[in-house]
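Input: a single structure, listed below in structure tokens.
Just so you know, all these numbers are worked out from the coordinates, no wet-lab data involved. Keep in mind the model is a prediction, meaning the values are calculated, not measured. Ideal geometry is used to build each Cβ from the backbone, glycine not excepted, and the neighbour counts take in all protein chains shown.
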Amino acid sequence: LQPSAFGGARAINNLVNLIDDFGSEEVEPALRMEIFTKIRDNAANHYFWAWSENNTAMDITREWLKAAATAKSDTPLVDTVMPLLHIIDRLPLTVESLK
């Protein structure tokens, strides 16, 4: 998660494959926060565009948002809601992509 690791589609594929291989549900909230923070602070607009076009990346985004939104208020997952919403805010989402 170096600042130079946010170059576009290839970088997204690398990150998404690592998350998917590990199991997206198994990623600890602290690591999710680190991922969100690094993306938010280092990714350019083309990275967010590529993220929105990657089906697996969007599946992970949905899974993590659902997990955070439905988590009990005393769990660390709740703390991931705002950083994830910061990422979602920068995605060029269309009505079609939200279906």
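What are the residues in segment 68-89 that are farther than 17 Å from V27 by Cβ and more than 11 Å from the chain's Cα centre (by Cα), if any?
Matches in segment 68-89: K72, S73, D74, M82, D89.
Scan the helices (runs of 4 or more DSSP H) fully inside the chain and keep the ones with 1 or more residues being surrounded by 15 or more Cβ atoms within 10 Å (Cβ to Cβ). Explain how you work it out, then say what you get.
Numbers: elements: 9-22, 29-42, 45-53, 55-70, 81-90, 95-98.
Filter on the chain gives 9-22, 29-42, 45-53, 55-70, 81-90.
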